[in-house]
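Encoded as structure tokens, the structure appears first; notes follow it.
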Amino acid sequence: MTELTALEQALPTFTGKETTAQRLDALEGAVHELLDTLRYTLQNLGAENFNGAALSRMLGPIYLRIRDAEGDLASIAVDAQSIESRVES
């Protein structure tokens, strides 16, 4: 399991004496560590990680309104129970 302190780790530093292969190996290792940390973080992200206002915005319905050059309006509202669409000319 990856520790969250890995997020604070910097990319490897180089002295200039490394070969290209050594640099690539070091960078590849750092990328793998960062991906592991990201996977761990996303898999353990839950409602307890957000304050009430942020959680409400994330779980609330999604609204989209588009008006074209002629003034026609299309709107969509999506939530866990329904999808509503409307077109006005």
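The values are calculated or read from the model by the stated rules, or taken from the named source; none is laboratory data. These figures come from a predicted structure and were not determined experimentally. Quick reminder, even Gly has a Cβ in these numbers, built from the backbone with ideal geometry, and neighbours come from all protein chains shown. We work out accessible area using only protein heavy atoms, side chains counted, and drop any ligands, DNA or RNA first. Shrake-Rupley method; radii C 1.70, N 1.55, O 1.52, S 1.80 Å.
For region 18-73, which positions are in contact with a Leu (Cβ under 8 Å, 6 or more places away or on another chain) and part of a strand (DSSP E or B)?
Arg65, Ile66, Arg67
State whether one or more residues within region 53-68 are of a type in the set (A, V, I, L, M, F, W, C) and either touching a His at 6+ places or on another chain (Cβ under 9 Å) or modelled with pLDDT of 90 or more (or both). First the steps, then the outcome.
Within region 53-68, the subset of a type in the set (A, V, I, L, M, F, W, C) is 53-55, 58-59, 62, 64, 66.
Now narrow it down to the ones that are either touching a His at 6+ places or on another chain (Cβ under 9 Å) or modelled with pLDDT of 90 or more (or both): 64, 66.
Yes, region 53-68 contains at least one residue that is of a type in the set (A, V, I, L, M, F, W, C) and either touching a His at 6+ places or on another chain (Cβ under 9 Å) or modelled with pLDDT of 90 or more (or both).
So which residues in region 13-72 are of a type in the set (Ser, Thr, Tyr) and either open to solvent by less than 70 Å² (accessible area, probe 1.4 Å) or free of Cβ contacts under 8 Å to residues at least 12 places away in the same chain (or both), if there are any at all? Outline the logic, then answer.
Of region 13-72, the ones of a type in the set (Ser, Thr, Tyr) are 13, 15, 19-20, 37, 40-41, 56, 63.
Those that are of a type in the set (Ser, Thr, Tyr) and either open to solvent by less than 70 Å² (accessible area, probe 1.4 Å) or free of Cβ contacts under 8 Å to residues at least 12 places away in the same chain (or both): Thr13, Thr15, Thr19, Thr20, Thr37, Tyr40, Thr41, Ser56.
Name, by its number, the condition in (1) open to solvent by 60 Å² or more (accessible area, probe 1.4 Å); (2) in a loop (DSSP other than H, G, I, E, B) that does not hold for Ser85.
(2)
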